[in-house]
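A short write-up of the structure that comes next.
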Amino acid sequence: MLPTPRSTRFSLCVAACVFSLSAQVQPEAQVTSAGIEAPATWLDALKALPIFHWFELQPALPAGPQPAPGFFSRFFSRPAQPAMLPCSVAPLPPITDPVAASFNESQTLDTHDLTSAMARALYRFERLISAIGGSIELKSAYRPPAYQLHLQQVWDKWMELRNNQVPACQELRAQVHEEFEGHHLLESQRPVSSSDHTRGLAFDATVKLPVRAHIRRRKVTLDSLARMAGLRRPDILHDPVHFKYVGGRTARG
């Protein structure tokens, strides 16, 4: 007699076990829609065997209390990230004066409140620049005292924040920088408390002249044109855009 292969012997054992178990399970009758009992099939009987219940998914148990951390986890656990500290720099003081607030919101260019002598000098200066093919762009003229104070506060606050790299201060830094740029302030020139601007005796302007500017075959410069109009620049190095009336005081803005 030839030896039985292992796979054949395993199949015979499985079949014998199934037959033995199925012999112990009597197929139950099933009730049809007509109310007649129909014999259950052998497939239904096999499904009812206890062996198939082992593979059914068990419902998840409710989560119980978490175990206490182990001995080593106390020493090798990742430390918690520290909370971000608030910015220690105070924000800009609010503008309480309504006229200054209007200037700040709309970037008002007020030439109507210049003195009459300053207004005439500005008019002559603009005509001279236009006659030689140049251009002038006014940045600022008359300023209310409260608005001048605000410019001073913006300049001081930007000097305090310009090199600040603290994460919590970056929003305030961006806000102050936007105001600093919007007011055309210079880092080299702090706005003074008492300015020619608040007295109506000065304006700030960017002037562009041709490379070879002449009037009646005479070469002219920006400062020579200003003198012809009755103006001068009191601090060309630190505040090159500032022009004041010659008859005014020497304070600059």
Exercise. Which of (1) closer than 18 Å to Leu109 by Cβ; (2) surrounded by 14 or more Cβ atoms within 10 Å (Cβ to Cβ) does Gly230 not meet, given it meets every other one?
Worked result: (1)
Exercise. Which residues, taken from region 142-177, are among the basic types (Lys, Arg) and closer than 23 Å to Met84 by Cα?
Worked result: Lys157, Arg162, Arg173
Problem set entry | Ile132 touching a residue at least 40 places away in the same chain (Cβ under 8 Å) and either loosely packed, with under 13 Cβ neighbours inside 10 Å or touching a strand residue (DSSP E or B) at 6+ places or on another chain (Cβ under 7 Å) (or both) | yes
Exercise. In region 113-129, which residues are surrounded by fewer than 14 Cβ atoms within 10 Å (Cβ to Cβ) and either among the β-branched types (Val, Ile, Thr) or touching a helix residue (DSSP H, G or I) at 6+ places or on another chain (Cβ under 7 Å) (or both)?
Worked result: none
Problem set entry | Filtered residue count, region 117-154, keeping only those that are farther than 30 Å from Lys219 by Cβ and part of a strand (DSSP E or B) | 1
For this session: Restricting attention to region 135-147, report how many residues are over 19 Å from Pro240 (Cβ atoms) and buried (at least 18 other Cβ atoms within 10 Å of the Cβ).
Result: 3
Exercise. Residues of region 155-195 being assigned to a loop (DSSP other than H, G, I, E, B) and under 17 Å from the mean Cα position of the chain (by Cα), which ones?
Worked result: Arg162, Asn164, Gln165, Val166
Problem set entry | Which numbered condition Asp223 misses (of (1) closer than 17 Å to Phe125 by Cα; (2) in a loop (DSSP other than H, G, I, E, B); (3) of a type outside the set (Ser, Thr, Tyr)) | (2)
Problem set entry | Residue identified as surrounded by 15 or more Cβ atoms within 10 Å (Cβ to Cβ), more than 19 Å from Ala229 (Cβ to Cβ), of a type outside the set (A, V, I, L, M, F, W, C) and in contact (Cβ under 8 Å) with a residue 12 or more places away in the chain among His184, His150 | His150
Exercise. For region 210-235, what are the residues that are farther than 18 Å from Ile129 by Cα and either over 45 Å from the mean Cα position of the chain (by Cα) or modelled with pLDDT under 90 (or both)?
Worked result: Asp235
Problem set entry | Qualifying residue in region 172-186 (condition: within 30 Å of Arg216 (Cα to Cα) and small (Gly, Ala, Ser)) | no
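The values are calculated or read from the model by the stated rules, or taken from the named source; none is laboratory data. Remember, predicted model here, so these are calculated numbers, not experimental data. Here Cβ is always computed from backbone atoms with ideal geometry, including for glycine, and neighbour counts include all displayed protein chains.
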